[in-house]
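Student: Sending over a structure as structure tokens; questions will come in a sec.
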């Protein structure tokens, strides 16, 4: 059972490299546009997060990186 | 709770690092470079097969791509240095809307031919899977090397391959 | 959740027993290329918060520079200059001023398609000291359409008390994060992130008190120190999406749900719109709504002294909502470059946040005990910053 799990994971990770992306690298003009960034100005986004975190009970799940030009 | 997470996190990180292990090495290609005809900045159509006899470096780029812009001045330097020795460079712009590319070229002037692949037919034919991508074609029209992406230092490899292909 | 843990545990057990398999995985010729580091830039921000009797303002300076082909260094210096006559302060103490200084430094390292970052942050004020370390690793996959991020943070705080040098208690924090960002179409990117945070140690505020009904005093209520549990574990899950509109604009949305073992549940929604105009201007507008339910041990008014094991009257742990309306404007200049500068921008942002409490009462108004008006206030948040890219 455990071997099967590991095999599935390795296969899955191996499959990563063979799935053809449906958005080609040369079609990313819009995604690479700075206005499409979730956090265009980090100095400002971290300040705003701090304003809320200091006053609200909720915290976490602030964001993740990704998107953009997908270059290199 | 924390104890349970420590090890899986470590393993996952190791696997992720493993996935990033491959150092840059140009991919070796073989076979004839598929012929294409694209409109160039000068207005003329440029056909790849008409450049037989020269070493051709085909660079796929876009104005929105950071590494592409970083590479431009270095490509210009290579073009200037080897152009008279049987080498040419084609800057294939992959943007569907060429206006941004032209605006960029007004600020950063290059002397090598710029071709417009607005329908992305050539990008598809050459299976472009990274931005930028560079294909080295030898004097007989065979594809020899493929470079994915650009990082400072790649231009040294470009130069090595150009010199070797010119000497062939 | 359980399934994920079990799968992970299975991986660990097999991995440690089969080093050959691990080596194969490690050296598998993954078809990978590379990713990019964040752009070099420097920002100087002036921030100001004013509301509820509190004024906090100060600078934040952020500088980022690529230090080698594969590394980028970032440093931040941030100050909060506080003048507080907040409702807690005026009802139980007197107006005070203080300054909090925060410094952080981080490094990003690019290794193929993985990006790792490590950072260290230190925050200092006259009665509170916080240090934290953060580690993140992100991996691009599926033709760079997917990015998986894992993160881990640790924090070490020392809680002190003004005018009492012997008072010093520790708080430790640990946090685990996982995120996934997925490009769905040429114009749409989505993301999901999950994290869990655990705090341990002295978690309350040494100055804050709770009130209880006390027939023995004319006011009708008396105060005692708040008592909090010494652990708190929370989880948060967020979804976000951003869509490119054909005339060049972007719309984004975000939903986050939160819960912790103090009984607080919360959710927030945000929508925003970004509209560039010409070559130089970018306008943003946003709306955010947040609501939370109170902690189990929270009460605005306890029935008597030592009414329960844990006691809190911190409005941050009460039942309340916040509603934000905000707008920003950005002007880009020096687009052709000047000296070492590639381009620059000057930015202004304003947010109006309305706080409405459902079970925290405004004790500045004397009234029937337990029936004082519910507290609410609005805050003006202003940001002004200049950025340069080089």
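The numbers here are math on the coordinates, done by the rules we state, and not lab data. Computed from a prediction, not measured in an experiment: that's the story for all the values here. Heads up, the Cβs are rebuilt from the backbone with ideal geometry, glycines too, and the neighbour counts pull from every protein chain shown.
Student: Could you check the simple spin-label distance between residue C:83 and residue B:45, using points 7 Å along Cα→Cβ, in nm with one decimal?
Tutor: Spacing of the two 7 Å Cα→Cβ label points: 7.4 nm.
Student: Based solely on C-alpha atoms, express the radius of gyration and the Dmax of the protein assembly as shown in angstrom.
Tutor: Expressed in Å, the Cα Rg and Dmax of the protein assembly as shown come to 28.6, 104.
Student: Using Cα pairs under 8 angstrom and six or more residues apart, how large is the relative contact order of chain C, in percent?
Tutor: On the way: 996 pairs, mean separation 44.0, N = 390.
RCO, chain C: 11 percent.
Student: Next question, about the same structure. Output the antiparallel fraction of DSSP beta bridges having both residues in chain C, as a percent to the nearest 5.
Tutor: 100
Student: Ok, one more. Principal axis extents for chain C, Cα atoms only, whole Å, descending order, please.
Tutor: 78, 60, 42
Student: Next up: Of the beta bridges DSSP finds with both residues in the protein assembly as shown, what % are antiparallel, to the nearest 5?
Tutor: On the way: 227 of 239 bridges.
Beta bridges within the protein assembly as shown, antiparallel portion: roughly 95 percent.
Student: How tilted is helix C:2-17 with respect to the longest principal axis of chain C? Cα atoms for both, answer in degrees (0 to 90, nearest 10).
Tutor: Taking Cα atoms only, the helix is inclined about 50 degrees.
Student: With labels modelled as points extended 7 Å from the Cα through the Cβ direction, what inter-label distance (nm, one decimal) is found for residue C:67 paired with residue C:135?
Tutor: Distance between the two pseudo-spin positions: 1.8 nm.
Student: At 222 nm, what helix-only mean residue ellipticity would chain C give, in deg cm²/dmol to the nearest 500, using -39500 (n - 2.57) for each DSSP H run of four or more?
Tutor: Computed mean residue ellipticity for chain C: -2500 deg cm²/dmol.
Student: Calculate the mean, over all residues of peptide C:172-183, of how many other protein chain Cβ atoms lie within 10 angstrom of the residue's Cβ. Don't skip to the answer; put the middle values down first.
Tutor: Working: counts 0, 0, 4, 3, 6, 5, 4, 6, 2, 7, 2, 9.
Mean number of neighbouring Cβ atoms from other chains: 4.
Student: A further question follows. Mind checking the mean number of beta-carbon atoms from other chains within 10 Å of the Cβ atoms in C:184-190? Mind dumping the intermediate values first?
Tutor: Numbers: counts 2, 5, 9, 4, 5, 9, 2.
Per residue, the number of nearby Cβ atoms from other chains is 5 on average.
Student: Could you work out the equivalent-ellipsoid semi-axes for chain B, taking the square root of 5 times each eigenvalue of the Cα gyration tensor, largest first, in whole Å?
Tutor: Details: eigenvalues 226, 77, 47 Å².
Taking √(5λ) for each Cα gyration eigenvalue gives 34, 20, 15 Å.
Student: Something else now. Which stretch or stretches of the stretch C:43-83 have amide N atoms under 19 Å from the point lying 7 Å from residue C:341's Cα along the Cα→Cβ direction?
Tutor: The answer is C:43-46, C:60-66.
Student: Along the Cα→Cβ direction, 7 angstrom out, place labels at residue B:77 and residue B:142. What is the inter-label distance in nm?
Tutor: Result: 3.1 nm between the two label points.
Student: Let me ask something else. If r is the Cβ-Cβ distance from residue C:323 to residue A:20 and R0 is 45 Å, what FRET efficiency results, to the nearest 0.05?
Tutor: Values: r = 45 Å, r/R0 = 0.99.
Computed FRET efficiency for residue C:323 and residue A:20 comes out at 0.50.
Student: Specify the angular offset, from 0 to 90 degrees and rounded to the nearest 10, of the alpha carbon long axis of helix B:2-19 from the longest principal axis of the alpha carbons in chain B.
Tutor: In chain B, helix B:2-19 runs at an angle near 20 degrees to the longest axis.
Student: Sequence gap at least 6, Cα distance under 8 Å: using those rules, report the relative contact order of chain B to the nearest whole percent.
Tutor: Numbers: 252 pairs, mean separation 50.1, N = 168.
About 30 percent, as a whole number.
Student: Count the DSSP beta bridges whose two residues both fall in the stretch B:24-167, then state the antiparallel fraction as a percent rounded to the nearest 5.
Tutor: Numbers: 18 of 28 bridges.
Around 65 percent of the beta bridges assigned by DSSP in the stretch B:24-167 are antiparallel ones.
Student: Here is a further query. Averaged over its residues, how many other protein chain Cβ atoms are within 10 Å of peptide C:378-388's Cβ atoms? Before the final figure, lay out the partial values.
Tutor: Values: counts 0, 2, 0, 4, 0, 6, 0, 4, 0, 5, 0.
The per-residue average across the peptide is 2.
Student: By how many degrees, 0 to 90 and rounded to 10, does the Cα axis of helix B:154-167 deviate from the longest principal axis of chain B?
Tutor: Tilt of helix B:154-167: around 40 degrees.
Student: Something else about it: By average Cβ neighbour count within 10 Å, what is the ranking of B:32-43, B:145-156 from highest down?
Tutor: Final packing ranking: B:145-156, B:32-43.
Student: When the helices in chain B are scored as -39500 (n - 2.57) per DSSP H run of 4 or longer and the sum is shared across all residues, what 222 nm value do you end up with, to the nearest 500 deg cm²/dmol?
Tutor: Working: 5 runs with 63 residues, N = 168.
Using -39500 (n - 2.57) per qualifying helix, the result is -12000 deg cm²/dmol.
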